[in-house]
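Working notes for the structure below.
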Amino acid sequence: MFLKSLTLRGFKSFARKTHIVFEPGLSVIIGPNGSGKSNLVDAVLWVLGEQNPRFLRGKSMVDVIFSGTEFEKPMPYAEVTLVFDNSDRFLPVDASEVSIKRRLMREGDNTYFINEKPCRLLDVHSLILKARLGEELPGIIPQNRLDDLINPSSTDLRAIIEEASGIALYKKRKENAIKKLVSVDEKIDKLSMVKREVDRELKPLKKQVEKMKAAIEMKRSLDEIWIKLKVNELVSLEERWNSLKNEESLTESTLSE
Ligand code: ATP
């Protein structure tokens, strides 16, 4: 895996598209003061996800967008693309080249791309941490961090060593896992609240259901009783009818005698 090219458009002093191919053997970029050498380093840090404008020698993130000169209009956006050769599949992407792109619009819209597909900053971070090219990468030391290496406090040195040894990747994953756990805890709390609320509303509903069941049972018994009553009525009417009929036939036979 090696860095193949860097393309800038609208980034700091690079208003127009500038494409730099890192030929094998390239080891130094020289130029007069203020010609943009450090802007190239800033571009690499920026495309890899730097979030702190101070580390890019600016006050706010939009400071990285070309602000215009006497001869050229300001750019509406800044865009930087880094291309790595990945023929040894060192980066966990199944492609022989991996490009990482970041675009920032003046309105603040910020997008990352891996091989031209929009992605999250988290994806860029996991990719570069895997390649040990973390945000505070020992391979890129911005001007304002040189002191940390020459005169490091124990914490600075620890951070640099952790980054170089690849522990940073696991620390980042741990941080993300803890964040996820916290959000799961919050969701569980919310769900418990909703459950308590539903339970509270369920209580009177349960009582109503019990009352309804009792009412249905009562209605069923009433219907049964009503049917029995009607059957009894029918039987006694039939009996009365028969006895009247008997009486009538008796009277008729007496008369005929
Ligand atoms: P030095 O050797 O002094 O560190 P350098 O070659 O590293 O200089 P840089 O610091 O990379 O140069 O570039 C500084 C130049 O970039 C300045 O001329 C500055 O005006 C220009 N610059 C920085 N940000 C922007 C921007 N947003 N728009 C236009 N030009 C910018």
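General remarks:
- Test: residue in segment 3-12 that is within 16 Å of the ligand (Cβ to nearest atom), modelled with pLDDT of 95 or more and open to solvent by 20 Å² or more (accessible area, probe 1.4 Å): yes
- Selection from segment 46-58 of residues that are within 12 Å of the ligand (Cβ to nearest atom) and either surrounded by 17 or more Cβ atoms within 10 Å (Cβ to Cβ) or β-branched (Val, Ile, Thr) (or both): Trp46, Leu56
- Unique residue being open to solvent by 60 Å² or more (accessible area, probe 1.4 Å) and under 21 Å from Val44 (Cβ atoms) when the list is Arg120, Arg102: Arg120
- Complete set of residues in segment 77-103 that are touching a residue at least 12 places away in the same chain (Cβ under 8 Å) and of a type in the set (Gly, Ala, Ser): Ala78, Ala95, Ser99
- Selected residue (criterion: least open to solvent (accessible area, probe 1.4 Å)) from residues of segment 60-77 that are within 11 Å of the ligand (Cβ to nearest atom) and of a type in the set (D, E, K, R): Glu72
- Arg16 being away from the ligand (no atom under 11 Å from the Cβ) and among the basic types (Lys, Arg): yes
The values are calculated or read from the model by the stated rules, or taken from the named source; none is laboratory data. The shown structure was predicted, so the numbers you read here are calculated from the model rather than taken from an experiment. Note that each Cβ is placed from the backbone with ideal geometry, even for glycine, and that neighbours are counted across all protein chains shown. All accessible areas refer to the heavy atoms of the entire protein, side chains included, with ligands and DNA or RNA removed. Shrake-Rupley method; radii C 1.70, N 1.55, O 1.52, S 1.80 Å.
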